[in-house]
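The values are calculated or read from the model by the stated rules, or taken from the named source; none is laboratory data. This is a predicted model, so every value here is computed, not measured. Here the Cβ positions follow ideal geometry from the backbone for every residue, glycine too, while neighbour counts run over all protein chains shown.
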Amino acid sequence: MFSLLIEKRDWFIDLLLQHIAISLVSIALAAIIGLALGIAIAQWRRGAKPVLALVNFIYTIPSIALFGFLIPLTGIGDLNAVTALTIYALLPMVRNTYTGLTAIDPAIIEAARGMGSTDRQTLYRIELPLAAPVIMSGIRNMATMTIALAGIASFIGAGGLGVAIYRGITTNNLAMTLAGSVLIAALAIVVDLLLGLAEKRARRHLEPSPSTVRAKKLRRGGRAVAAVAASVVLIAGGTFAYAKFAEDNGGGTIDIATKPMTEQYILSEMLKTLIEHDTDLSVQITQGIGGGTYNIHTGMERGDFDLYPEYTGTAWTTVLKREEFYDESMFDELRQAYEDRFGFEWICEYGFNNTFGIAVRKDVAERYGLHTYSDLAAVAPELTFGAQPDFYDREDGYPGLQATYGMDFGTTADMDISLKFQALFDGQVDAITMSTTDGQVTDERLVVLEDDRHFYPSYRCYDIVRRDTLEAHPELQDVLLKLDGAISDADMARMNGAVEMEGREPKDVADAFLSERGLV
């Protein structure tokens with residue numbers, strides 16, 4: 001893990017800066033909004049119950065679901081992440097502000113008003129300084145939680161250290177997963193310690209002392225809270241602005257998105273190398289977007305991305321919502337529908353067909369004499385089947401297998417696409433769905449069964465590119481076509497295996513392939 005951190009330090013530093021930017025902007029916004037709401041319901045007690053009930057309800061929504069709900073409103077990327085994290089962080093901020101203000105001895109408030117203080121003066125000079133320790137405790141809890149939760153933001157295409165964690169899981173790279181996790185934990189601890197010092201300072205100002213000194217210290221406590229809040233806002237704003245400037249600087253940038261698949265990481269690195277080698281354009285890759293086709297397609301429509309690798313059968317069923325199973329004779333219809341409805345072009349057919357398959361553990365195949373899907377269907381009620389969640393809803397997934405083969409497993413398990421082989425080898429499941437270009441297809445511990453009724457449709461891989469991107473950068477098309485027909489099923493499986501089983505970096509594997517073919 002430490003070797004990886006040193007070797008890829010620039011990449012990890014970039015992810016760390018992105019993580020800091022996303023987290024601090026969210027913390028600053030939550031602190032401001034939460035403080036305002038907390039003060040409002042402390043002054044207007046009738047509103048306390050509904051407001052606290054609302055933020056409590058929001059807090060019960062699973063974080064991934066909240067990211068997903070916001071996609072139609074904010075798209076994917078940093079804006080979605082900041083919005084979701086800010087909403088999620090409101091509860092501790094609102095609750096602690098309200099608790100801190102309402103716990104103040106009413107006699108102190110009455111004394112302040114009796115000496116002629118206005119409501120505004122009482123709030124800023126008495127109530128907020130007295131509530132500062134409780135408020136700082138809320139900020140501290142909220143900040144730690146937000147930094148940890150920001151790791152999930154990679155699911156919707158935002159940056160941060162979650163990218164390293166997700167990519168490590170997908171490519172079976174434990175060191176990368178640990179490195180991303182350790183850096184998030186370290187960042188959370190550092191921020192917690194700094195805010196802990198501010199909290200102690202706020203408490204110290206409330207120690208008993210003569211009245212004049214006490215008043216002075218109360219004012220200092222209020223100023224300390226304000227200074228911390230202002231510093232957070234300034235640092236967050238500056239870091240976020242810098243990160244966005246670095247990302248968006250220059251008009252000649254091509255934004256490429258990928259699904260959370262080793263194969264797509266490799267393809268995106270090939271595209272980046274070729275485009276930057278043959279043109280003056282630069283390339284920004286957003287890797288491993290959770291939700292795959294749906295979320296990336298949404299980002300393409302919004303203009304967040306310029307191109308991404310896609311599979312014909314997936315586009316036919318997931319995007320066009322066509323019920324009939326796809327075969328390559330339908331490609332012209334598929335291409336035309338994308339041009340007419342979305343303004344997207346299908347360019348560069350890579351050459352490989354990444355269709356689905358089913359694999360079982362070798363001992364299971366030997367025990368039941370399994371060679372085909374029909375063989376598996378006969379014993380399925382005795383077995384456990386594992387697949388990614390969307391597989392159970394797709395017509396070319398589990399429902400189709402049930403209709404075609406009568407394949408009803410005794411138990412089914414939802415799992416991330418990157419964890420299925422480990423679950424199979426560990427004996428947690430007996431059979432899994434897989435891709436024909438998976439790097440593990442040659443692993444002697446599994447047996448890939450024959451689709452004897454030819455159930456699965458074709459999933460040939462192309463690049464989908466926005467038409468306005470091609471019009472703005474016509475040189476891009478010739479570069480993309482260099483990979484047309486260049487990669488066979490065996491080539492792709494070999495490259496996937498080099499990453500997943502040998503621990504090589506996707507970029508190194510991609511560059512080696514391009515060099516072998518004389519493309520760079």
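What to note about this one:
- Top-ranked residue of region 56-69 - restricted to ones that are without any contact (Cβ under 8 Å) to a residue 24 or more places away in the chain and within 21 Å of Leu161 (Cβ to Cβ), ranked as nearest to the chain's Cα centre (by Cα): Leu66
- When restricted to residues that are surrounded by fewer than 23 Cβ atoms within 10 Å (Cβ to Cβ) and closer than 30 Å to Ile64 by Cα, region 96-112 contains 1.
- Exactly one residue out of Ala229, Ala224, Ala186, Ala158 is modelled with pLDDT of 60 or more and part of a helix (DSSP H, G or I): that is Ala186.
- Cβ pairs under 9 Å, 6+ apart, first in region 115-139 and charged (D, E, K, R), second not in a helix (DSSP H, G or I): Arg125/Ser117; Glu127/Ile104
- Scanning region 268-305 for residues that are under 17 Å from the mean Cα position of the chain (by Cα) and hydroxyl-bearing (Ser, Thr, Tyr) gives Thr286, Thr293, Tyr294, Thr298.
- Selection status of Leu52, of a type outside the set (S, T, N, Q), over 17 Å from the mean Cα position of the chain (by Cα), assigned by TED's automatic domain parsing to the domain that holds Leu183 and surrounded by fewer than 19 Cβ atoms within 10 Å (Cβ to Cβ): yes
- Asp511 vs. criteria at pLDDT 90 or above, within 24 Å of Gln287 (Cβ to Cβ), acidic (Asp, Glu) and in the same structural domain as Arg341 (by TED's automatic domain parsing): yes
- The single condition among (1) without any contact (Cβ under 8 Å) to a residue 24 or more places away in the chain; (2) within 17 Å of Lys259 (Cβ to Cβ) that Met434 does not meet is (1).
- Some residue of region 438-446 being crowded, with 17+ Cβ neighbours inside 10 Å and of a type in the set (Ser, Thr, Tyr): no
- Yes/no for Thr122 being among the polar types (S, T, N, Q) and surrounded by 14 or more Cβ atoms within 10 Å (Cβ to Cβ): yes
- Cβ-Cβ distances below 9 Å connect the following pairs, each with a first residue in region 474-497 that is farther than 13 Å from Asn354 by Cα, a second residue that is surrounded by fewer than 18 Cβ atoms within 10 Å (Cβ to Cβ) and of a type in the set (Gly, Ala, Ser), and a separation of six or more residues or different chains: Leu483/Gly351; Asp484/Gly351; Gly485/Gly351; Ala486/Gly351; Met495/Ala512.
- When residues of region 274-330 are limited to those that are among the acidic types (Asp, Glu) and assigned to a loop (DSSP other than H, G, I, E, B), the one nearest to Pro506 (Cα to Cα): Asp306
- Evaluated against (1) among the small types (Gly, Ala, Ser); (2) in contact (Cβ under 8 Å) with a residue 12 or more places away in the chain; (3) surrounded by fewer than 24 Cβ atoms within 10 Å (Cβ to Cβ); (4) more than 17 Å from Ile32 (Cβ to Cβ), Ala164 falls short on exactly one condition, (3).
- Among the candidates Ala431, Ala423, Ala490, Ala403, residue that is under 30 Å from Leu174 (Cα atoms), in the same structural domain as Arg361 (by TED's automatic domain parsing), among the hydrophobic types (A, V, I, L, M, F, W, C) and surrounded by fewer than 18 Cβ atoms within 10 Å (Cβ to Cβ): Ala423
- In region 123-133, the condition of being in the same structural domain as Ile32 (by TED's automatic domain parsing), of a type outside the set (D, E, K, R) and not in a helix (DSSP H, G or I) is met by no residue.
- Test for Tyr308: is it over 24 Å from Ala493 (Cα atoms), modelled with pLDDT of 95 or more and surrounded by 16 or more Cβ atoms within 10 Å (Cβ to Cβ): no
- From Phe409, Phe391, residue being of a type outside the set (Lys, Arg), under 28 Å from Phe155 (Cα atoms) and either modelled with pLDDT under 85 or crowded, with 16+ Cβ neighbours inside 10 Å (or both): Phe391
- Here Met330 does not qualify as of a type in the set (A, V, I, L, M) and surrounded by 22 or more Cβ atoms within 10 Å (Cβ to Cβ).
- Some residue of region 306-324 being touching a His at 6+ places or on another chain (Cβ under 9 Å), farther than 24 Å from Pro399 by Cβ and among the acidic types (Asp, Glu): yes
- Which listed residue is free of Cβ contacts under 8 Å to residues at least 60 places away in the same chain, within 30 Å of Pro129 (Cβ to Cβ) and either assigned by TED's automatic domain parsing to the domain that holds Leu174 or touching a helix residue (DSSP H, G or I) at 6+ places or on another chain (Cβ under 8 Å) (or both), from Ala40, Ala89, Ala28: Ala40
- Scanning region 408-427 for residues that are closer than 17 Å to Tyr392 by Cβ and assigned to a loop (DSSP other than H, G, I, E, B) yields a total of 7.
- Residues that are at negative phi and over 30 Å from the mean Cα position of the chain (by Cα) number at least 2 in the following strands (runs of 3 or more DSSP E) confined to region 429-520: 446-448.
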